[in-house]
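One structure is given below, encoded as structure tokens.
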Amino acid sequence: MRVTVLTRVGCHLCEVAESDVARICGELGVEWTTEDVDADDELRAEYGDMVPVIQIDGRTHGYYAVEEARLRKALT
């Protein structure tokens, strides 16, 4: 499994989501990464107003905030 956080520079909610994902994935031994939606025209068009976006293996899991219990369940 791989978690991706779609983010934007200067986005406070994105920073919080990255911190939450880093902690949870670190505890569970799951790889994770970030991707800037503004660096890709297609991502910006699809997700630009919904960041942060949490994806698991390329599928959208959630928007705006990490739901910790739900993310943990999806990763175990």
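Before moving on, here are some points about what is shown:
- Each of Ala65, Tyr47, Leu75 was scored by the projection of its Cα onto the charge dipole of the stretch 35-76, and the greatest displacement toward the positive side belongs to Leu75; charges sit on the C-beta of Lys, Arg, Asp and Glu.
- Volume of the Cα convex hull of the stretch 23-65, divided per residue and given in Å³: 77
- Between 0 and 90°, nearest 10: helix 12-28 axis offset from the chain longest Cα axis: 30
- Less than 5 angstrom separates the built amide H of Thr34 from those of Val5, all sequence-distant by 5 or more or on a different chain.
- Here the chain exposes an accessible surface that is 47 percent carbon and sulfur, computed with a 1.4 Å probe and the other protein chains kept in place.
- For a label point 7 Å along the Cα-to-beta-carbon line of Lys73, residues of the stretch 40-54 with backbone N under 18 Å: 54
- Magnitude of the charge dipole for the chain, about its Cα centre and with charges confined to Cβ atoms of Lys, Arg (+1) and Asp, Glu (-1), is about 400 debye.
- Exposure of Leu13 as accessible area (Å², to 10), given a probe of 1.4 Å and all protein chains: 90
- Cα-based Rg of the chain normalised by 2.2 N^0.38 Å, two decimals: 1.00
The values are calculated or read from the model by the stated rules, or taken from the named source; none is laboratory data. Here the structure is a predicted model, which means the values were calculated and not measured. No Cβ is skipped: glycine too gets one built from the backbone with ideal geometry, and neighbour counts run over all protein chains shown. All accessible areas refer to the heavy atoms of the entire protein, side chains included, with ligands and DNA or RNA removed. Shrake-Rupley method; radii C 1.70, N 1.55, O 1.52, S 1.80 Å.
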